[in-house]
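Below: the structure, in structure tokens.
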Amino acid sequence: MDADTQQAEAVHFLRRADAASYIQSVYGFPCSRQWLAKLAVIGGGPVYRKAGRTPIYAPADLDAWARARIGQPQRSTSDVLTSSGN
């Protein structure tokens, strides 16, 4: 691999507090460092990696997780999507 290829593949990972801020600013729903920590224990949170003892998040993983949490468009609170699509 040459230096240009390595540079193109470099990912800027975010620490937990920065990941929470990223979710809030990009997707507009509440997210805190503590909530991400809880989800890391109980499951259901974004994929993360560890750098030593520090959990770090790739923006692409945060994007995938946040998009999966956003529901379908609705016109009213009575609009409920069923499994049959009705």
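Listed by first and then second residue, the pairs linking a residue in segment 31-47 that is among the β-branched types (Val, Ile, Thr) to a residue that is in a helix (DSSP H, G or I), with Cβ atoms under 9 Å apart and 6 or more places separating them unless they lie on different chains, are 47/61; 47/62; 47/64; 47/65.
Each residue in segment 45-56 was checked for being of a type in the set (Gly, Ala, Ser) and either surrounded by 10 or more Cβ atoms within 10 Å (Cβ to Cβ) or assigned to a strand (DSSP E or B) (or both), and 2 of them qualify. One residue stands out in segment 37-67 among those that are under 9 Å from the mean Cα position of the chain (by Cα) and among the aliphatic types (A, V, I, L, M): the one that is farthest from residue 17 (Cα to Cα), namely 64.
We did not get these values from a lab; they are worked out from the coordinates using the rules stated. Nothing here was measured: the structure is a model prediction, and the numbers come from that model. With ideal geometry, Cβ positions are generated from the backbone for all residues, glycine too; neighbour counts draw on all protein chains shown.
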